[in-house]
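Have a look at the structure below, then the notes.
The values are calculated or read from the model by the stated rules, or taken from the named source; none is laboratory data. What you are looking at is a predicted structure, and each value in this text was computed from that prediction instead of being measured. Note: ideal-geometry Cβ built from the backbone for every residue, glycine included; neighbour counts use all protein chains shown.
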Amino acid sequence: MGANYFRVVEDLTKKKKKERIAYNFHYTLACIIKDICVKIRENYKLNKVVLSGGVFQNRLLLNLATRLLKKVDFAVYTHRRFSCSDASISIGQVVAASRRI
């Protein structure tokens, strides 16, 4: 964690271009995702990450998070056959249930 989280606020106060502020906002979210995954890996020894759900319909966020996670040696998985939106939640539920049977 670090200065990235404050870049958006700094850019707003300095009246930077909206495009830059938007990019830094998404980059900050991607950094948070990466940092949380690193903490989870430290505690649970997991090295696989699935990026799915409505938020990952945002291609910029998906690409940034994927790049940052791969940079710290995570195996990153994303949707291919199904929508990443909430419409596919039941698919994940079926997979989870099938592992318990």
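Values for this structure:
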item	result
Subset of the stretch 52-101 [hydrophobic (A, V, I, L, M, F, W, C), under 18 Å from the mean Cα position of the chain (by Cα) and in a helix (DSSP H, G or I)]	Val55, Phe56, Leu60, Leu61, Leu62, Leu64, Ala65, Leu68, Leu69, Ile89
Filter result (surrounded by 12 or more Cβ atoms within 10 Å (Cβ to Cβ) and either over 18 Å from Tyr27 (Cα atoms) or aliphatic (A, V, I, L, M) (or both)) within the stretch 71-81	Val72, Val76, Tyr77, Thr78, His79
Inter-residue pairs, beta-carbon under 7 Å, first under 20 Å from Val9 (Cα atoms) and without any contact (Cβ under 8 Å) to a residue 24 or more places away in the chain and in the stretch 25-39, second in a helix (DSSP H, G or I) and of a type outside the set (Asp, Glu), 6+ apart	Phe25/Val8
Looking only at the stretch 34-77, and only at residues there that are modelled with pLDDT of 95 or more and among the aromatic types (Phe, Trp, Tyr), the one that is farthest from Tyr23 (Cα to Cα)	Tyr44
The one condition in (1) surrounded by fewer than 16 Cβ atoms within 10 Å (Cβ to Cβ); (2) in contact with a helix residue (DSSP H, G or I) (Cβ under 8 Å, 6 or more places away or on another chain) that Val49 fails to fulfil	(1)
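Quick grid of which residues meet (1) farther than 25 Å from Ser90 by Cα; (2) surrounded by fewer than 13 Cβ atoms within 10 Å (Cβ to Cβ); (3) of a type in the set (S, T, N, Q):
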site	(1), (2), (3)
Arg7	yes, no, no
Glu10	yes, yes, no
Lys16	yes, no, no
Ile21	yes, no, no
Thr28	yes, no, yes
Cys37	no, no, no
Asn58	no, no, yes
Leu69	yes, no, no
